[in-house]
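The values are calculated or read from the model by the stated rules, or taken from the named source; none is laboratory data. These numbers come from a predicted model, not from an experiment. Ideal geometry is used to build each Cβ from the backbone, glycine not excepted, and the neighbour counts take in all protein chains shown. Ligands, DNA and RNA are excluded from the accessible area calculation, which covers all protein heavy atoms including side chains. Shrake-Rupley method; radii C 1.70, N 1.55, O 1.52, S 1.80 Å.
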Amino acid sequence: QKQMSAAEQKKAQEEYEKKRQEIEKQKADFEGMKKMFEQGQQLAANKDYAGAISAYNEAVKLDPDQQAIWGNLSLALYNRGVTNLNESIQDPSKRDPAKQDFNDAINAVGKALALNEAILSDPAKSAGAKKSKSQYLKIKADAESLLARRLGVMEMADAAFKDYREAGELTDVPADKKLFELKGAETLFESGKAEEAVTAYTAILAAD
């Protein structure tokens, strides 16, 4: 049996050490991501949305392939946007930050939807993935709806209507289906799209 030369042994030892360090780093990153994610959830529960956004952004840097982080980040951005929008009644300078938060929420939820798409076709995970997709689409539609109805970004009205409709098609909760349809029609109406709103409301009345 051929003996390894000293140089080969050194190389093998270096490769082993490199692999070990990589595994250690992965473990440390995973623990760090988990810690930041849980911190984000705690802060969001206490309505500290800025803190939650910070924590989720750190978590997502450590592992950008976790759809739950992107989903929670988008919800925290949406909630901060709503806070800014409500405060803009007294302080108009809050309108731009609200607009930014809603756009950032739409981008973040887009990442969650893309990651979710990959597991929709897996029979073992498809039911959960379908439910998640409906929840993500609702966050997206809520942000688009407020941009259209309250912040003058009119082209978002059709996007919100479409996303509410798809969220409704994916949910198994009958009350939610109806609510999403109504929110979609309301978005069109409040965005000045009267004809489209009449069509949407007529379709709801025809069904119920």
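Here, the chain has an Rg and a Dmax of 23.0, 85 Å when only alpha carbons are counted.
Measuring with a 1.4 angstrom probe and ignoring ligands and nucleic acids, residue 33 comes out at about 10 Å² accessible.
Estimated at 0.36 nm per residue, the fully extended path between residue 131 and residue 107 surpasses their Cα-Cα distance by 6.7 nm. For the stretch 123-204, the relative contact order works out to 26 percent when only alpha carbon pairs closer than 8 Å and six or more residues apart are counted. What is the distance in Å between the Cα centres of the stretch 90-161 and the stretch 24-47? Taking the Cα centre of the stretch 24-47 as reference, the centre of the stretch 90-161 is 23 Å away.
Working from Cα pairs under 8 Å separated by at least six residues, relative contact order for the stretch 52-208 is 16 percent.
Working ranking of peptides 177-186, 70-79 by packing, defined as the average number of other Cβ atoms within 10 Å per residue, highest first, is 70-79, 177-186. Give me the base-10 log of I(q)/I(0) for the stretch 142-206 at each q in 0.12, 0.13, 0.26 Å⁻¹, Debye formula, one uniform scatterer per Cα, rounded to two decimals. So the normalised log intensities work out to -0.26, -0.30, -1.05. Couplings 3J(HN,Hα) of the stretch 84-100, computed from phi: 4, 5, 5, 6, 5, 5, 8, 10, x, 5, 7, 5, 5, x, 4, 4, 4 Hz, in residue order, whole Hz [Karplus 6.51 cos²θ - 1.76 cosθ + 1.60, θ = phi - 60°; x for Gly and Pro]. With each label modelled as a point 7 angstrom along the Cα→C-beta vector, the residue 198-residue 9 pair spans 9.0 nm.
One decimal place: the segment residue 117-residue 206 gains 28.8 nm when fully extended, by the rule 0.36 nm per residue minus the C-alpha distance. Rounded to the nearest whole angstrom, the semi-axes of the ellipsoid equivalent to the stretch 47-157, taken from the Cα gyration tensor as √(5λ), stand at 27, 16, 9, largest first. My understanding is that a pair violates if its Cα-Cα distance is over 32 Å; which of 47/162; 19/140; 125/178; 25/94 do that in this structure? Where the Cα-Cα span goes over 32 Å, the pairs concerned are 19/140; 25/94. Sorting the segments 167-176, 16-25 by their residues' average number of neighbouring beta-carbon atoms within 10 angstrom, most packed first, yields 167-176, 16-25. Scoring 190-196, 134-140 by mean Cβ neighbours within 10 Å over their residues and listing the highest first yields 134-140, 190-196. In this structure, residue 173 and residue 34 have a Cβ-Cβ separation that, at R0 = 30 Å, corresponds to a calculated FRET efficiency of about 0.50.
Set the Förster distance to 45 Å, then compute FRET efficiency between residue 16 and residue 100 from the Cβ-Cβ distance, nearest 0.05. Result of the calculation: an efficiency of 0.40.
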